[in-house]
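> Just passing along the structure, written as structure tokens.
The values are calculated or read from the model by the stated rules, or taken from the named source; none is laboratory data. The structure presented is a predicted model; accordingly, all values stated were derived computationally and were not measured. Neighbour counts are summed over all protein chains in view; Cβ atoms, including those assigned to glycine, are modelled from backbone coordinates with ideal geometry.
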Amino acid sequence: MTLEGRALIIVTGVILAFGLAVLYSASALLSVRENHDSMHYLLLQLSGVALGVVLFAIAAKVDAERWRGWAWPLLAIAIVLLLIPVLPVPSSIAPRYHGSRRWVNVGFLFQSSEFAKLAVIVWTAMLIVRKGERLRRLTKGLLPFILVLAVLNILVILEPDLSMAMTFTLIMAIMLFAGGVRIGHVVFLGIIAIPLLWREVERVQYALLRMTSFLNPGNAPIEAGYQLKQSLIAVGSGGLFGVGFGMGRQQLGFVPFPYNDFIGANIGEEWGFLGILFVTLAFVAYGWLGFRIAKQARTIFQQLLAIGITFMTVSTAFLHLGVVIGLLPTTGLTLPFVSFGRTNLVMSILMTGILVNIASTRERVVGAHATNPLERAPA
């Protein structure tokens with residue numbers, strides 16, 4: 001394993017450990033109110049950590065190049081899982097929470113869009129490599145990506161989940177840019193997509209209210225800007241050093257979803273500006289290591305895979321932090337490795353395992369060309 005791979009494991013472990021502490025503080029009182037033990041959400045999260053570590057170990061050992069052959073099956077599974085919640089199926093199969101159907105019951109609740117992020121990254125990397133120079137052509141190059149992206153976005157918008165549609169679009173756009181697509185084509189498609197996207201935002205009432213409260217907070221309805229207002233109160237009251245671990249007041253019921261969508265507000269209140277800075281720098285380190293790994297990847301496919309995973313993880317973190325301090329409109333994006341949500345946690349740890357494998361030198365353990373463990377590595 002290279003130095004970048006080892007460092008990535010350390011950075012991920014630090015974020016994960018800090019996240020468990022923050023989650024316990026943000027969810028303890030809510031757990032008691034729901035007639036659970038104060039560690040209820042923490043124990044559920046720890047079960048996700050246990051599964052994630054197992055998948056991490058497997059992903060770190062499986063040659064990342066194999067994911068290229070699994071691209072189409074992964075995409076097909078992702079589409080099926082996204083389709084189930086929007087079909088008229090019983091609530092036992094696709095339950096509804098807070099007005100949205102984003103989960104599939106497979107013996108446990110599984111958020112299908114989190115799996116779809118991995119499918120998008122793997123499939124996009126595979127097709128970019130297969131297209132080669134044809135990627136620079138609009139119809140034979142970009143059209144398949146646009147069609148698949150349209151299908152995925154329509155399915156998640158129907159849940160509704162505009163944040164995930166934005167995530168899919170950003171991931172694919174960055175990977176296409178890294179793969180050598182013509183910028184003029186992307187700009188042209190973006191100009192066409194803006195009015196369609198705005199029409200969809202107007203159709204989804206909660207998204208329109210969030211945009212209104214961000215662009216014109218003075219005239220926005222009280223309920224539209226309530227989350228942001230309480231988040232800013234939490235972050236502002238934390239000052240430089242914070243009020244102390246477990247001493248935050250906003251998770252008493254003022255900040256909605258303090259253990260999930262707005263867990264960054266808890267960090268700002270209890271750990272202060274230094275806590276927010278620590279998390280920001282930790283994800284900066286994750287991104288720097290991830291892009292270093294991409295630069296040193298053995299194949300173009302693995303390079304694109306590393307870029308997609310790194311960008312997805314880091315951009316989601318920065319978007320979450322931008323929301324809780326009022327720099328961005330309110331979204332439903334969680335903070336990777338920190339927010340409660342076992343599907344997101346398991347998938348984040350799994351994808352980090354893929355990055356670690358890409359950062360490792362390839363060794364054969366069986367066959368005539370197996371690596372000789374007694375042979376000195378070249379200087």
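> Where residues in the range 75-100 are small (Gly, Ala, Ser) and in contact with a strand residue (DSSP E or B) (Cβ under 7 Å, 6 or more places away or on another chain), which of them is surrounded by the fewest Cβ atoms within 10 Å (Cβ to Cβ)?
Ser92
> Of the residues that make up the range 258-271, is at least one part of a loop (DSSP other than H, G, I, E, B) and over 17 Å from the mean Cα position of the chain (by Cα)?
yes
> I've got another one for you. Name the residue, out of Val148, Val156, that is in contact with a Ser or Thr (Cβ under 8 Å, 6 or more places away or on another chain), assigned to a helix (DSSP H, G or I) and touching a residue at least 12 places away in the same chain (Cβ under 8 Å).
Within the list Val148, Val156, the selection yields Val156.
> Something else: Can you name the number of the only condition in (1) of a type outside the set (Gly, Ala, Ser); (2) more than 30 Å from Gln251 (Cβ to Cβ); (3) surrounded by fewer than 13 Cβ atoms within 10 Å (Cβ to Cβ) that Trp72 fails?
(3)
> Check off (1) touching a Phe, Trp or Tyr at 6+ places or on another chain (Cβ under 7 Å); (2) under 30 Å from Arg6 (Cα atoms) for Pro95 and give me the number that stays unchecked.
Of the numbered conditions (1) touching a Phe, Trp or Tyr at 6+ places or on another chain (Cβ under 7 Å); (2) under 30 Å from Arg6 (Cα atoms), the odd one out for Pro95 is (2).
> Quick check on my filter: what residues within the range 323-343 are outside any loop (DSSP other than H, G, I, E, B) and surrounded by fewer than 23 Cβ atoms within 10 Å (Cβ to Cβ)?
Hits for the range 323-343 are Arg342, Thr343.
> Please indicate, with yes or no, whether at least one residue in the range 118-132 is surrounded by fewer than 20 Cβ atoms within 10 Å (Cβ to Cβ), touching a residue at least 40 places away in the same chain (Cβ under 8 Å) and not in a helix (DSSP H, G or I).
Looking through the range 118-132, none of the residues is surrounded by fewer than 20 Cβ atoms within 10 Å (Cβ to Cβ), touching a residue at least 40 places away in the same chain (Cβ under 8 Å) and not in a helix (DSSP H, G or I).
> Looking for whichever is farther than 28 Å from Gln45 by Cα, surrounded by fewer than 22 Cβ atoms within 10 Å (Cβ to Cβ), at pLDDT below 80 and out of contact with any Gly (no Cβ under 9 Å at 6 or more places or on another chain) here; the options are Thr139, Thr169. Which one fits?
None of the others qualify; the one that does is Thr139.
> For the range 328-355, how many residues are over 25 Å from Val156 (Cα atoms) and at pLDDT below 95?
Matching residues across the range 328-355 total 0.
> Which one of these is surrounded by fewer than 19 Cβ atoms within 10 Å (Cβ to Cβ), hydroxyl-bearing (Ser, Thr, Tyr) and under 19 Å from the mean Cα position of the chain (by Cα): Thr280, Thr310, Thr299?
Thr280
> Here's a follow-up. Would you mention how many residues in the range 216-256 are part of a helix (DSSP H, G or I), modelled with pLDDT of 70 or more and not hydrophobic (A, V, I, L, M, F, W, C)?
Residues that pass the stated criteria total 10.
Yes or no, residue by residue, for (1) modelled with pLDDT of 95 or more; (2) loosely packed, with under 14 Cβ neighbours inside 10 Å; (3) in contact with a Phe, Trp or Tyr (Cβ under 8 Å, 6 or more places away or on another chain):
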| residue | (1), (2), (3) |
| --- | --- |
| Ile9 | yes, no, no |
| Leu16 | yes, no, yes |
| Ala26 | no, no, yes |
| Ser31 | no, no, yes |
| Asp37 | no, yes, no |
| Leu44 | no, no, yes |
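> Of a type in the set (A, V, I, L, M, F, W, C), modelled with pLDDT under 85 and either crowded, with 17+ Cβ neighbours inside 10 Å or assigned to a helix (DSSP H, G or I) (or both), is that true of Leu274?
It is false that Leu274 is of a type in the set (A, V, I, L, M, F, W, C), modelled with pLDDT under 85 and either crowded, with 17+ Cβ neighbours inside 10 Å or assigned to a helix (DSSP H, G or I) (or both).
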